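The values are calculated or read from the model by the stated rules, or taken from the named source; none is laboratory data. Predicted model, so just to flag it, every value in this text is computed and none were measured. Here Cβ is always computed from backbone atoms with ideal geometry, including for glycine, and neighbour counts include all displayed protein chains.
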Amino acid sequence: MYKAFNLEHLDQFDDLETIDSNLAKIEYEKYKQKNLEKLSLKNLLQESIIEKDENGKIKLDTSKIQHTFFPLKQVDIFISHSHKDLELVQKFAYYLRHIIGVDCFIDSEIWGYADDLLQEVNNEYALIKEGLYNYTDANVDAANVYMTLSNALHDMINQTDTIFFINTPQSSSLNENLKSRQVESPWIYDELKTISIIKPKIPSYISKLNVRNNVSPKNLAPNWSRPIDDQIKCLEKLDVKDLKKWKESLYTNEGLYDPAPMLAFYQIFENKK
């Protein structure tokens with residue numbers, strides 16, 4: 001990870017009005033279906049059983065589950081969002097892929113299936129009778145499923161250069177008593193906490209730019225704070241005006257497309273300093 005951004009007012013980004021919601025949803029569902037097929041209990045057991053005792057009790061390799069079903073893929077942007085903003089995020093991801101020309105990963109591509117997977121596992125191994133589960137077994141299953149998916153998210157955050165946190169009233173709210181912003185989603189909190197403690201790494205294309213412009217890499221390194229009450233303060237501010245500048249910077253007067261959209265994105269922010 002290189003930098004993380006707090007993107008506010010995305011619902012006011014009028015460029016998204018040109019994006020067909022149905023096309024954006026279809027594209028998202030395509031990724032979702034692939035993950036659902038990989039995450040079926042049948043595939044899970046087939047790929048991850050490492051031991052089975054005489055009583056039929058199995059032992060699963062959670063590391064193998066993580067890397068088999070959530071193989072790390074190289075993307076330009078990791079998008080963190082509330083499930084209540086899914087339609088907005090679907091359109092934004094479609095915009096990034098097809099208008100800007102960058103690849104992105106939506107975090108709900110992982111945490112969106114946690115409950116489905118857990119239900120399958122509990123039905124198979126913790127079910128006593130219809131609607132009644134063994135409390136201890138169900139808790140163990142939940143802990144392992146959530147930790148496995150959480151670790152997969154951590155790895156994706158760590159290896160993706162740019163993080164966008166879609167900050168809306170759906171994802172965070174101001175608590176008047178505590179005078180700080182709060183999140184209810186454990187997934188969002190976990191992602192923000194992870195972002196705040198990962199040591200930033202300068203990507204090669206930024207390093208090459210530094211050499212070309214005779215700029216010391218340390219001058220471009222992000223400044224990170226560690227507030228204990230508000231992880232969002234660790235993120236750099238990003239708004240829809242910046243998104244518009246980004247799009248405009250990708251085209252010359254002749255209409256030719258800039259083949260390095262992420263480099264153009266960071267040049268905008270360096271020029272603001």
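Observations on the structure shown:
- If you go through the stretch 237-273 and keep only what is β-branched (V, I, T) and modelled with pLDDT of 90 or more, you end up with just V240.
- S204 at pLDDT 65 or above, of a type in the set (S, T, Y), under 29 Å from E109 (Cβ atoms) and buried (at least 17 other Cβ atoms within 10 Å of the Cβ): no
- Any strands (runs of 3 or more DSSP E) falling wholly within the stretch 36-102 and containing at least 1 residues that are at pLDDT below 75 and surrounded by fewer than 19 Cβ atoms within 10 Å (Cβ to Cβ): 49-52, 58-60
- Filter result for V145 (assigned to a helix (DSSP H, G or I), over 23 Å from the mean Cα position of the chain (by Cα) and over 30 Å from L250 (Cβ atoms)): no
- Pairs where the first residue, in the stretch 236-264, is closer than 25 Å to P200 by Cα and assigned to a helix (DSSP H, G or I) and the second is modelled with pLDDT under 85 and of a type in the set (D, E, K, R), C-beta under 7 Å, 6+ apart: A264/D258
Conditions (1) at pLDDT 90 or above; (2) more than 24 Å from Y146 (Cα to Cα), marked per residue:
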site: D161; (1), (2): yes, yes
site: F165; (1), (2): yes, no
site: S171; (1), (2): no, no
site: L174; (1), (2): no, yes
site: L178; (1), (2): no, yes
site: S185; (1), (2): no, no
site: I188; (1), (2): no, no
site: K193; (1), (2): yes, no
site: I198; (1), (2): yes, no
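- Hits in the stretch 148-165 - residues which are within 12 Å of V75 (Cβ to Cβ) and among the hydrophobic types (A, V, I, L, M, F, W, C): M156, I157, I163, F164
- Checking each residue in the stretch 128-150 for being of a type in the set (S, T, N, Q) and buried (at least 17 other Cβ atoms within 10 Å of the Cβ) picks out T148, S150.
- Verdict on N122 being assigned to a helix (DSSP H, G or I), farther than 30 Å from L235 by Cα, at pLDDT 90 or above and not acidic (D, E): no
- Neighbours by Cβ (under 8 Å, 6+ apart or cross-chain): first from the stretch 96-121, closer than 13 Å to L86 by Cβ; second acidic (D, E) and surrounded by 16 or more Cβ atoms within 10 Å (Cβ to Cβ): D107/E191
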